[in-house]
Amino acid sequence: MRVLVVTAVPAERDAVTRACPDGFDVVAGGVGPAASAAATATALARTPYGLVVSAGIGGGFRPAAPVGSLVVASRIVAADLGADTPDGYLDVEELGFGRSAHLPPRALAAALAAATGALCAPVLTVSTVTGTAARAAELAGRHPGAGAEAMEGFGVAEAAALHGTPVAEIRAVSNAVGPRDRSAWRIGDALAALTDAFGKLPPVLESWNGHD
């Protein structure tokens, strides 16, 4: 099975590329859901793939996903695509404009998490990285059990869905979701964890039957 791996920036691409065996194609799709969707759709239009993986670093929701840990998405959620109303936030699905989440194959997500020692939990796609405790609490309240936030997964998943291709998401936690403290970020540790995780994927993918 040929696998397309979509990362955000070249540094993440390089980390993943070093760990990817034959059969994995890595694309640096750019930052944010729009750029990642465009890059994924372009790649899928050129080459058929059996699976698309959105991979990179992200923020982890404490205490479930500490810095240096891994999160495999059980759901890929568009966490801020919607509308603010006097009665609270409404996601795009509640507004009747489309879907607000994609579900990776359940058995695959569970197997990836088990093989890599990752938390299997929702991963939130945001267009603005969380920088305050209030925003972190709001997201955690709206999405109970969320493991991580990042900026590309939902875009990758939207493009994959249009091509009928299964999708997964893997995030290595470089910082806590909440107040921005660059001194506490551990990007190198997160990239090392991501690289290690990709070395463990081939046996999982070889045993996966391609659907749930």
- Can you tell which of ALA37, ALA146, ALA184 shows the greatest fluctuation in a Gaussian network model of the chain with Cα springs below 10 Å? ALA184
- Item | Relative contact order, percent, the chain [alpha-carbon distance under 8 Å, six or more residues apart] | 31 percent
- Task: In a Gaussian network model over the chain where Cα atoms closer than 10 Å are linked, find which of SER127, SER74, SER174 has the largest mean-square fluctuation.
- Result: SER127
- Query: Which FRET efficiency value, to the nearest 0.05, is calculated for ASP22 and TRP185 with the Förster distance at 35 angstrom and r the Cβ-Cβ distance?
  - Reply: 0.60
- Find out how many positive minus negative residues lie around ARG13, taking Lys and Arg as positive, Asp and Glu as negative, among other residues whose Cβ is under 14 Å from that of ARG13. -3
- Query: Given springs between every Cα pair under 10 Å in a Gaussian network model of the chain, which of PRO166, PRO122, PRO179 has the largest fluctuation?
  - Reply: PRO179
- Task: Provide the per-residue ³J(HN,Hα) series for segment 62-68, in order, calculated from phi with Karplus coefficients 6.51, -1.76, 1.60 and θ = phi - 60°, each as a whole number of Hz, with x at glycine and proline positions.
- Result: 7, x, 5, 10, x, 4, x
- Message: For segment 89-212, take the convex hull of the Cα atoms, compute a quarter of its surface area, and give me that in nm², please.
- Response: 8.6 nm²
- Task: Return the calculated 222 nm mean residue ellipticity for the chain, to the nearest 500 deg cm²/dmol, obtained by summing -39500 (n - 2.57) across DSSP H runs with n ≥ 4 and dividing by the residue count.
- Result: -10500 deg cm²/dmol
- With a length cut of 15 Å (Cα positions projected on each helix's long axis) and a Kyte-Doolittle mean of at least 0.5, go through the chain and give me the DSSP H helices that pass. 33-46, 106-116, 187-198
- In Å, the Kirkwood hydrodynamic radius from C-alpha pairs for segment 43-109 sits at 14.9 Å
- Distance from the Cα centre of segment 1-15 to that of segment 110-186, in angstrom? 16 Å
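Read-outs throughout are calculated quantities, based only on the coordinates presented, and are distinct from any laboratory measurement. Quantities reported herein were computed from a predicted structural model and do not represent experimental measurements. Glycine also receives a Cβ, built like all others from the backbone with ideal geometry; neighbour counts cover every protein chain displayed.
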